[in-house]
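**Student:** Have a look at this one.
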Amino acid sequence: MAKRFSALLQFALVLALGYAIQMAMDAGMINRYYAHVMTVMAIFVVGAVSLNLINGICGQFSLGHAGFMAVGAYTAAIITKNPDLILPAIFTGNVRFILATLLGGMTAAFVGFLVGLPSLRLRGDYLAIVTLGFGEIIRILLLNWDFVGGASGYFGLVRHTNFFAAFLLSIITITIIRNFIQSSHGRACVSIREDEIAAETMGVPTTRYKVIAFVIASFFAGTAGSMMAHLTQMVTPASFTFILSIELLLMVVLGGLGSITGSIGAAIFLTYAAEALRAFRAYRMILYSLLLILIMLFRPKGLLGTQELSYGLLKESFKSLRTRWQRKKNDDITAAAE
Amino acid sequence: MAVLETINLTIRFGGLTAVSKFNISLEEGELVGLIGPNGAGKTTAFNMLTGVYQPSEGTIAFCDAPLCSATKALQPYQITRRGIARTFQNIRLFKELSVLDNVKIAYHQNVKYGLLPAFLHTGRYHAEEVEIEEKAIELLKIFGLDTKKSERAKNLPYGEQRRLEVARALATNPKLLLLDEPAAGMNPQETQQLMELINFIRKQFSLTILLIEHDMALVMGVCERIYVLDYGKIIAHGTPTEIRRNPKVIEAYLGEELVHA
């Protein structure tokens, strides 16, 4: 009971912090550009953490996360822009936006289920190819669908997303995915990553758990898409290209496959870096590829590996740093004595 | 009552018949050995019994219920849930996970809470998780691994990794345990300890055990009956003393005797 109470308290404190930042933004203490960047960061945290569930926790390789974001974004945009379509007109304003975001997530989850069921029976590279293809199919479909504006995009959305909304979504995503990983169902997913044959022989229905992880991740990708759409007030097929999937993948790989805190950190850092390097936007893809190659060469498990950043980990690495430093000092002393 | 009975189990990979007309029958509580030279098809037979491979022909019955026939075949996880557990020749632990988590995963089939309690960490989640943890630690104690429960599986010494694999298999609550070369790479002292452990768990968990092993001292020492497999066929079957004298077995292991020697 005490455990649950402290978990709730923690949750409330974090939300209060988010709300305080939002109030500071409203009061003009944080300039609008930074407010925007911080909101985008929160949305990318949702994208990266959910992709980590597939690629890091479950050990599968998906390259179609942008596709699921697109499904969520367009579904939600259609709902908020057409007051009597899909949802009855009694839902207006922010309530409509929240419901639209949930429905966007559910549609993405459903599509994830349809894509995942056949393709998750495949192993390794095949899944990457199928999801890559899926992402492109979604983009081309949207490109040719006149109802949502085709190539020029779907304009004139109301700006429902503020920092607090995106922050709240990211906290919910992190909490739910972290709780899932700590449960028996999450352990089943991790066992698939560690050794699929052994997992199956230990009584884990591997295909079912791969699909479950895929569907959960697709849901959150869909909600992130909706947030993005109602922040930029428009959706175009061009905002959900293969490059977005690669950006998310880079966040997951940089932070560490299987590390939630790693994904959060990497999402924040890379979003910031993309903004700071806006002048070199043309070279972005070169930078991303270089970064991916460098990580694979020097730190193939990502910055944090499968570990989570915690107080204990910090203390441990500080200790090992100190012993290393002391050993070096001792070596220097003996060297000097000689 | 036969715990396990296979009839004419055969598997072909392309033109190669890896195991042909494999007929074995295990009575409840027996400890039976399966031996044979390298490449005889012992592990392939295990893979058929656990559903990793689908046999080309033949049937498997477990406690009088079919596991695999011409019309249907169960998935490996379903077979595990029926009560067959196994270990692997080349240890297949969840290397990056803790010793405790390795065992906890094997309790997965008993977990009753759904996804929603998992997302929200409800009271039901906590209650069941505590129960699983207690059971897992109890099991680790039997194997003398409870003091290393937080260690990553890959950091354990070789002999302990083997023990952990047996512990993990037992956590699935099996009736039949298949051990694939449990003593491989162990020194004589460790092998001796392992023999004692196998005898102990067999009584403690009332298991039927089928064992693949190259270590003849171990096989002859603990098994009540032995099947000998060579080139995918069972060439002999009997008690250890019978097997030791069987000319066909000697031939398979040592080669044909020279007539004009």
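The values are calculated or read from the model by the stated rules, or taken from the named source; none is laboratory data. Note that the coordinates shown come from a computational prediction; the quantities given were computed from them, not determined experimentally. Quick reminder, even Gly has a Cβ in these numbers, built from the backbone with ideal geometry, and neighbours come from all protein chains shown. Protein only, heavy atoms only, side chains kept; ligands, DNA and RNA dropped before computing areas. Shrake-Rupley method; radii C 1.70, N 1.55, O 1.52, S 1.80 Å.
**Student:** Being more than 7 Å from chain A (Cβ to nearest Cβ) and either modelled with pLDDT of 90 or more or over 15 Å from residue B:171 (Cβ atoms) (or both) is the filter here, so list the residues in segment B:94-119 that pass it.
**Tutor:** Step one: list which residues in segment B:94-119 are more than 7 Å from chain A (Cβ to nearest Cβ), which gives B:98-100, B:102-103, B:107, B:110, B:112-114, B:116-117.
Passing the criteria: B:98, B:99, B:100, B:102, B:103, B:107, B:112, B:113, B:114, B:116, B:117.
**Student:** Next question. In segment B:47-106, which residues are assigned to a helix (DSSP H, G or I), of a type in the set (S, T, N, Q) and open to solvent by 10 Å² or more (accessible area, probe 1.4 Å)? Walk me through how you get there before you give the answer.
**Tutor:** Going through segment B:47-106, the residues assigned to a helix (DSSP H, G or I) turn out to be B:47-49, B:76-82, B:99-106.
Next cut, of a type in the set (S, T, N, Q) only: B:47, B:78, B:80, B:102.
Scanning segment B:47-106 gives B:47, B:78.
**Student:** Within segment A:140-168, count every residue that is open to solvent by less than 40 Å² (accessible area, probe 1.4 Å) and under 19 Å from residue A:67 (Cα atoms).
**Tutor:** From segment A:140-168, those open to solvent by less than 40 Å² (accessible area, probe 1.4 Å) are A:142, A:148-150, A:153-154, A:157, A:160-161, A:163, A:165-167; that's our starting set.
Still in the running and under 19 Å from residue A:67 (Cα atoms): A:142, A:148-150, A:153-154.
Within segment A:140-168, residues that are open to solvent by less than 40 Å² (accessible area, probe 1.4 Å) and under 19 Å from residue A:67 (Cα atoms) number 6.
**Student:** When you look at residue B:139, is it of a type outside the set (Lys, Arg), under 18 Å from the mean Cα position of the chain (by Cα) and outside the structural domain of residue B:156 (by TED's automatic domain parsing), yes or no? So that I can check it myself, show each step before the final result.
**Tutor:** Numbers: of a type outside the set (Lys, Arg): yes; under 18 Å from the mean Cα position of the chain (by Cα): yes; outside the structural domain of residue B:156 (by TED's automatic domain parsing): no.
So residue B:139 fails the test.
**Student:** Please note which helices (runs of 4 or more DSSP H) are completely contained in segment B:144-229 and include at least 2 residues that are under 26 Å from residue A:194 (Cα atoms) and either touching a Ser or Thr at 6+ places or on another chain (Cβ under 9 Å) or acidic (Asp, Glu) (or both). It would help to see each step written out before you state the result.
**Tutor:** On the way: elements: B:158-171, B:188-204, B:216-222.
Answer list for segment B:144-229: B:158-171.
**Student:** For segment B:120-132, which positions are more than 18 Å from residue A:203 (Cβ to Cβ), more than 8 Å from chain A (Cβ to nearest Cβ) and not in a loop (DSSP other than H, G, I, E, B)?
**Tutor:** Of segment B:120-132, the ones more than 18 Å from residue A:203 (Cβ to Cβ) are B:120-127, B:130.
Pick out the ones that are also more than 8 Å from chain A (Cβ to nearest Cβ) and you get B:122, B:124, B:127, B:130.
Within segment B:120-132, B:124, B:127, B:130 meet the criteria.
**Student:** In segment A:112-139, how many are surrounded by fewer than 17 Cβ atoms within 10 Å (Cβ to Cβ) and among the basic types (Lys, Arg)?
**Tutor:** Looking only at that region, the number is 2.
Rundown of residues vs (1) assigned to a loop (DSSP other than H, G, I, E, B); (2) in contact (Cβ under 8 Å) with a residue 40 or more places away in the chain; (3) within 24 Å of residue A:69 (Cα to Cα), yes/no style:
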site: A:252; (1), (2), (3): no, yes, yes
site: A:264; (1), (2), (3): no, yes, yes
site: A:280; (1), (2), (3): no, no, no
site: A:283; (1), (2), (3): no, no, no
site: A:287; (1), (2), (3): no, no, yes
site: A:307; (1), (2), (3): yes, yes, no
site: A:314; (1), (2), (3): no, no, no
site: A:334; (1), (2), (3): no, no, no
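**Student:** Here is a further query. Which residue out of A:229, A:213 is in contact (Cβ under 8 Å) with a residue 60 or more places away in the chain and more than 12 Å from chain B (Cβ to nearest Cβ)? Steps first, answer last, please.
**Tutor:** Details: A:213 fails: more than 12 Å from chain B (Cβ to nearest Cβ).
Just a single option satisfies the conditions, and that option is A:229.
**Student:** Tell me, yes or no, whether segment A:49-59 has at least one residue that is closer than 24 Å to residue A:211 by Cα, modelled with pLDDT of 95 or more, among the hydroxyl-bearing types (Ser, Thr, Tyr) and surrounded by 24 or more Cβ atoms within 10 Å (Cβ to Cβ).
**Tutor:** yes
**Student:** Given the condition within 17 Å of residue A:217 (Cβ to Cβ), touching a residue at least 40 places away in the same chain (Cβ under 8 Å), out of contact with any Lys or Arg (no Cβ under 7 Å at 6 or more places or on another chain) and surrounded by fewer than 20 Cβ atoms within 10 Å (Cβ to Cβ), answer yes or no: does some residue in segment A:67-74 qualify?
**Tutor:** Within segment A:67-74 (the criterion being within 17 Å of residue A:217 (Cβ to Cβ), touching a residue at least 40 places away in the same chain (Cβ under 8 Å), out of contact with any Lys or Arg (no Cβ under 7 Å at 6 or more places or on another chain) and surrounded by fewer than 20 Cβ atoms within 10 Å (Cβ to Cβ)), the answer is no, since none of the residues qualifies.
**Student:** Just to be sure, is residue A:275 assigned to a helix (DSSP H, G or I), modelled with pLDDT of 80 or more, acidic (Asp, Glu) and surrounded by fewer than 22 Cβ atoms within 10 Å (Cβ to Cβ)?
**Tutor:** Working: assigned to a helix (DSSP H, G or I): yes; modelled with pLDDT of 80 or more: yes; acidic (Asp, Glu): yes; surrounded by fewer than 22 Cβ atoms within 10 Å (Cβ to Cβ): yes.
Yes; evaluated as a whole, the condition is true for this residue.
**Student:** Right, next: Starting from residues that are within 14 Å of chain A (Cβ to nearest Cβ) and farther than 17 Å from residue B:214 by Cβ, keep the ones in segment B:176-198 and report whichever is surrounded by the most Cβ atoms within 10 Å (Cβ to Cβ).
**Tutor:** Quick first cut of segment B:176-198, residues within 14 Å of chain A (Cβ to nearest Cβ) only: B:176-180.
From what is left, the residues that are farther than 17 Å from residue B:214 by Cβ are B:176-177.
Numbers: B:176: 22, B:177: 25.
Among those residues, the one meeting the criterion is B:177.
**Student:** Residue check, residue A:197 against (1) of a type in the set (A, V, I, L, M, F, W, C); (2) more than 29 Å from residue A:101 (Cβ to Cβ); (3) surrounded by 21 or more Cβ atoms within 10 Å (Cβ to Cβ), all met but one. Which one?
**Tutor:** Failing condition for residue A:197: (3).
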